[in-house]
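These notes are about the structure you will find just below.
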Amino acid sequence: SYGGYATMAGLTKTPELYKCGINYVGVVDLPMLYRQWTEEYNIAGLRGGRQNWALVALGSPREDRQRFRDTSPINSIRDIQAPLFVIHGRLDYNVEIEQYQALVRQLRKHDKEFETMTERHQGHVFLPKAPVSSYTSGSRRFLPKTCSAGFSRPGTRAPNKLGPT
């Protein structure tokens with residue numbers, strides 16, 4: 001979730017530094033996450049822990065509206081310059097599938113290069129069975145075709161600079 005968010009923040013805020021990105025169950029829309037974590041738990045009668053954590057970790061979308069907007073990668077998809085691989089479990093209750101769906105809509109709207117993989121019977125952490133191998137094989141297919149230019153071969157020195165080569 002945070003790793004996927006960090007990938008998306010990097011791709012949208014400093015796109016010149018990235019050759020590609022992999023978003024694994026990442027948050028892209030902070031107001032949506034806040035709603036999912038507070039409203040749904042209130043409906044279920046579980047008000048408290050998760051809602052308090054959301055307020056501490058994220059702040060209040062009413063009081064911090066501009067920060068929520070500025071730090072939600074979904075609002076800057078147009079700035080992405082690198083190919084993206086988006087992976088999500090359909091049973092994810094930490095970062096719900098709506099985050100993935102919103103991201104894919106924006107990627108299409110802005111005509112971005114991306115691939116997706118969803119696992120129907122997986123949640124936030126893919127269980128160690130066949131889906132992990134599909135996640136691994138998907139990543140192994142994606143990385144060489146999108147990120148390999150400029151990488152050094154094993155046994156050689158990597159370029160001594162950050163960002164695209």
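Report yes if some residue within the stretch 82-103 is out of contact with any Lys or Arg (no Cβ under 9 Å at 6 or more places or on another chain), surrounded by fewer than 17 Cβ atoms within 10 Å (Cβ to Cβ) and among the aromatic types (F, W, Y); otherwise report no.
Yes, there is a match, as at least one residue in the stretch 82-103 is out of contact with any Lys or Arg (no Cβ under 9 Å at 6 or more places or on another chain), surrounded by fewer than 17 Cβ atoms within 10 Å (Cβ to Cβ) and among the aromatic types (F, W, Y).
Can you list residue pairs whose Cβ atoms sit under 7 Å apart, with the first residue in the stretch 53-67 being assigned to a loop (DSSP other than H, G, I, E, B) and modelled with pLDDT of 75 or more and the second being open to solvent by 50 Å² or more (accessible area, probe 1.4 Å) and not β-branched (V, I, T)? Count only pairs 6 or more apart in sequence or on different chains.
Between residues of the stretch 53-67 that are assigned to a loop (DSSP other than H, G, I, E, B) and modelled with pLDDT of 75 or more and residues that are open to solvent by 50 Å² or more (accessible area, probe 1.4 Å) and not β-branched (V, I, T), the close pairs are G59/R67.
Just to be sure before I move on: is T12 farther than 18 Å from F142 by Cα and either buried (at least 16 other Cβ atoms within 10 Å of the Cβ) or at pLDDT below 95 (or both) in the structure I sent?
yes
The rows are residues; the columns are (1) part of a helix (DSSP H, G or I); (2) modelled with pLDDT of 95 or more.
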site	(1), (2)
K19	no, no
L33	yes, no
S76	yes, yes
F85	no, no
H88	no, no
D92	no, no
V95	no, no
Q101	yes, no
D111	no, yes
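The values are calculated or read from the model by the stated rules, or taken from the named source; none is laboratory data. Everything numeric in this text was worked out from a predicted model, so none of it was measured. Note that each Cβ is placed from the backbone with ideal geometry, even for glycine, and that neighbours are counted across all protein chains shown. Quick note on the areas: whole protein, heavy atoms, side chains included, nothing else; ligands and nucleic acids left out. Shrake-Rupley method; radii C 1.70, N 1.55, O 1.52, S 1.80 Å.
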